[in-house]
Structures are given as structure tokens and as C-alpha cells.
Amino acid sequence: MKKLLTAIFAMASTTCALAQETTTSPLEISGSVDTYFKYDFAKNPLNGKTSFVTDHNSVSLGMIDIALKKKTGKASFVGELSFGPRGQTQSIPDAAAGGSSFNIQNLYVNYEFTDEFSMTAGYMGTFVGYEVISPVGNFNYSTSYLFTNGPFQNAGIKATYKFSDKVSLMAGLFNDWNVYSASRGVSAIGGQLMVAPVEGWTAYINALSGAGYGGYGTIIDLTTSYQITEKFKLGLNAANYDIKDSSVQGSYVGAALYPQYAVADAVTIGLRGEYFKAKAYGPNAATSTTAVTLTANIKSGGLTFIPEVRLDHNSDKPFFKEGGAAAPNGGQFSLAAVYAF
Amino acid sequence: MKHLLFIILAIFSIQLSAQQKQFSKDDNGKFIYYKVVDSQLVSKDTLLQRAKSFINVAYKKSMTQESITDSSVLAKGTMVIDKTILVAGHPSGEVSYNFVFEVRQGKYRFWLTDMLYIPYQRDRYGNFIAATKIGVPLERTPGKLGAGAWKDILNSTYSKIEKFGYEFKKYLATNRVDKAKKKAETISTKKW
């Protein structure tokens, strides 16, 4: 592994020396701020089984996110930090540090050797899955089970080759999921095939194998979206994760469908329908959840209001009624305000 | 007090002049940026060659030549619209357009029309990419909620296109062969 990495860096630095800088872009500054109110129908905050939007009957904070990007010639960097519950205590690397620090969303450098070939090294938002940590990147404010159970971020080095505007391939070596430095070495290999068969339709077929949640495992993921008309967009995410050691919890399979329809210039209504199965491990049986989330995005300039109703069902009763008794159903209403700049 | 009044008046005048910048409409009711330029010193053939070079060399990353005759060039192009906060900002979208260039002896004209706006959104890696493949005509009337943002987009687009027009006129007025020769000159410090 060391030899392979040394070879990659040597190749990269040689080509860097040969290449000429051509253009410099101004420093880009962007980011977001988000806050929300959530009301759980059973008045129990434990009914939220996916990431973020945790508090019941409270006007609560999401995070402030600040990203910097600069490109000089063929080289560029992105540095993105977040502060606040969504970016601190509820983000995995910072939770491990006691939740008192900030969370790095992206911290990487990129070099475009040619118009087709580029390499990136650092800590990046994961290439796996449909949803992301930043509320600006998602249509729904609450998150899916597939997002919560998959990787959030990956540190590593990756190479991307763009065959055309319709096909590109990425391959890389990564640390275990969601860590700034590897605890088990650079021990995962990942790849992504992007295809855009028709105008408006893009599909990503992702694979990541090696050190991950629950030990060593392999995740296969399909993430696709199709802007069918000016008003109608359809998204799909399907994934399967198998941990090598079948006695360990964490393997899953699932799919989520995301139809969205723009009812006006500034208003889009969307549905997320998800099926998620946590696979059996050791003596424990598999358990399945279905969830339906109805969301609206109402935009005014940089501000987006996101009212949302979410209903979850699992016949194994992981939810709670108002009195604390186990229940097969969970439900919540939330209203979020997200400002992107 | 006089100084304060002067500053307020100056700012007000700048604002008024900024508001006056807006697209004209063509016969079909579409926004158009249209310029006729007198060019007595440069021949028709040279102007045509320079226009072709502008599209295929200077702006090759953002323009594609569609067709050419002995007196005209048609092209398609896109330009990135920025949100700028003093010296820093980020791309907020792109505008695609059709570009027409026509030349006669002693003058030429060019115009940009069929402008479609595609908003950008930040992806998971912190880069700004097109949020959709389907553009919105710049002539549309936005709803109340998006009116302010749409006005900013129109202003930014006009500024960008005005800059594009200036660069095009400058490119057609410049002899690039002479310019290249001048650049190749070396200065010796041995004798003085």
C-alpha cells in the first residue's frame, strides 16, 4: 500500500512540475445557516431514528457552514467548516471528540492534469448516496435511513477521468468512514462510474470496500436523478451494505424514491418514499422500516422555508407512544429555514 | 454637511445609472444585446477571421461555432454569473445564449439573444454546479418571492454581456500578429 501511494504522489508531483499555471479565480466564499422547529406527534424526541432534526417542540439550531474555494491555474483547494449541532455533536468525527469542536465538511486539494484527468486528496463529502450533511444539498430537511447508515465523509486520494460529458470514472484509496485520520490504515478502495445517458439524467454507480462502519464491509450504491420536465424531477437511491463479520450490527439494504414537482416559480413539493432493512446479525433478526416524507421548498432569494411531515412505520415497534409504550409508527412535523449564501 | 449631501447625491446617481442598465427587446419580445460598430480601418475579411478566432480560440471553452458564411458567424455560448461580495463571491448560475456576427465593408454588427438562465447549486464537495439542465428564459416574469433575486440575475447578466461585448470589440480591433511580435522582443542588460 505504501509503495502504491508513493508511486501515485511521485507521478502527481512530476506532472505538477511539467504543467503550467494558466488562470487564477477569485476566492470563493459560500455557506449556509439553518434553524428548525420540530413537533413529534407522540411528543417523544427518541422517535427520530435518522440523523439531525433531533429536538422536540423546540426552535433549534442546525449549523453555520462556511466554505472557501480558490483555484490557481490547474490547482484548487476547498476548505469547509461547520459549527452548531448539525455540524458538531451530530456529526460523527466531532461526536467522538466530545462535540466541543467544529466539523470539517471538506478539506482537500485538487489538481487538473488535463481537461479530462484530475486527482484529489484530503477529506471530502462521501461520493456514496443521495443525501448529504449540508441542508442546502438536500430537498428534504430530515434525512433518510440510507443516509444515516451510510458513510458521511471519506478521507483519501482519488483520481477522476472524464471520458466525455456523459461518462466519467473515479477510483480512489480511502481511510475508514468519517475519520480525519485512519485508525486501520488506508484500507478501503472505492470507485464511481458516472453516466448521463440523456439530457437531464445522471446516474452514479458507487462501490466502497474495506474498513467502514462495523468492521470491514462492502457498500454498493446507485444514486440517480432525472429532470424529466422543467417542473418534474425524479431521484432514486438504492444501496446494499454487507459487513464481513455477520455477527456485527450495521449491514443494510434499502431504496428511496424522490419525486419533486415545481408548483410555482418559488414553490416545489416533493415526496421521499423509503424502504430500509437493517439486516440480521448474530442471533438478531432483520427489521424493516418504511418512511414517507412530504416536503415543500419555498424559496425567496437565498432563503428556503421547508415545511415537512414525516411518517415512519416498522412492525417491530421501535417507536414510542406519548406514554412511552412501544409503537409501530412514528410521525413528526418540522419547519426549517435555510439560508444559503 | 455639504460633503454628506454630495456623497448621498453621488450614491443616488450611481444607483440610478445602475438601474438604467437593462436589456432591449427584439421583434420577438426576447432580450437582446445589439451593437453596430464602425470599423473603417480593418477589412471585411480580417474582421470575419478575427470573429472566428474569438469564438474558436479566445472563447473556445465557453463558445461553440454553429455556422459560418463569407459575411457572418453564428455561435452558441454560456457565461457564468457571479454573486460578488466586494472581492469574493461565488458563481450563482450560467446563462446560455445565441451569438450572431455579421460584417460588411467598413462596419460590423453582433448580437446576443435567446438567453436562458440555469441556477447553480453547491455540490457535496463545495463546488458550484448546474442545478438543472433546463434553462429559464431571462424574459420571464418572476413571482413576488423571487423578484429580488431575479433582478440581481438580470443585472449581473447585463454586466457580463456588456463586458463580453467590450472584449469582442477590442479583439476585433486588435492585430494579434503584431501583438505577438512585440511580446517576443527581448531586452539585453549587457549594453547600456
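The values are calculated or read from the model by the stated rules, or taken from the named source; none is laboratory data. Everything numeric in this text was worked out from a predicted model, so none of it was measured. Glycine gets a Cβ as well: all are built from the backbone with ideal geometry, and neighbour counts include every protein chain shown.
Observations on the structure shown:
- In the condition set (1) surrounded by 19 or more Cβ atoms within 10 Å (Cβ to Cβ); (2) touching a strand residue (DSSP E or B) at 6+ places or on another chain (Cβ under 6 Å), A:PHE147 is compliant with all but (2).
- Residue count for segment A:236-251 satisfying the condition of being small (Gly, Ala, Ser) and in a strand (DSSP E or B): 2.
- Residues of segment B:115-144 that are surrounded by fewer than 18 Cβ atoms within 10 Å (Cβ to Cβ) and either under 20 Å from B:GLN22 (Cβ atoms) or modelled with pLDDT under 90 (or both): B:LEU116, B:ALA131, B:THR132, B:LYS133, B:ILE134, B:PRO137, B:GLU139, B:ARG140, B:THR141, B:PRO142, B:GLY143, B:LYS144.
- Enumeration of residues in segment A:226-235 that are assigned to a strand (DSSP E or B), closer than 21 Å to A:ILE205 by Cβ and without any contact (Cβ under 8 Å) to a residue 40 or more places away in the chain: A:TYR226, A:GLN227, A:LYS233, A:LEU234
- If you go through segment A:141-168 and keep only what is part of a strand (DSSP E or B) and free of Cβ contacts under 8 Å to residues at least 40 places away in the same chain, you end up with A:ALA155, A:GLY156, A:LYS158, A:VAL167, A:SER168.
- Every residue from segment A:189-213 that is crowded, with 18+ Cβ neighbours inside 10 Å and either touching a helix residue (DSSP H, G or I) at 6+ places or on another chain (Cβ under 6 Å) or over 20 Å from A:ASN237 (Cβ atoms) (or both): A:GLY210, A:ALA211
- When segment A:42-53 is filtered for residues that are over 17 Å from the mean Cα position of the chain (by Cα) and surrounded by fewer than 18 Cβ atoms within 10 Å (Cβ to Cβ), the ones remaining, listed by number, are A:LYS43, A:PRO45, A:LEU46.
- Verdict on A:MET124 being of a type in the set (A, V, I, L, M), crowded, with 17+ Cβ neighbours inside 10 Å and over 20 Å from A:GLN88 (Cβ atoms): no
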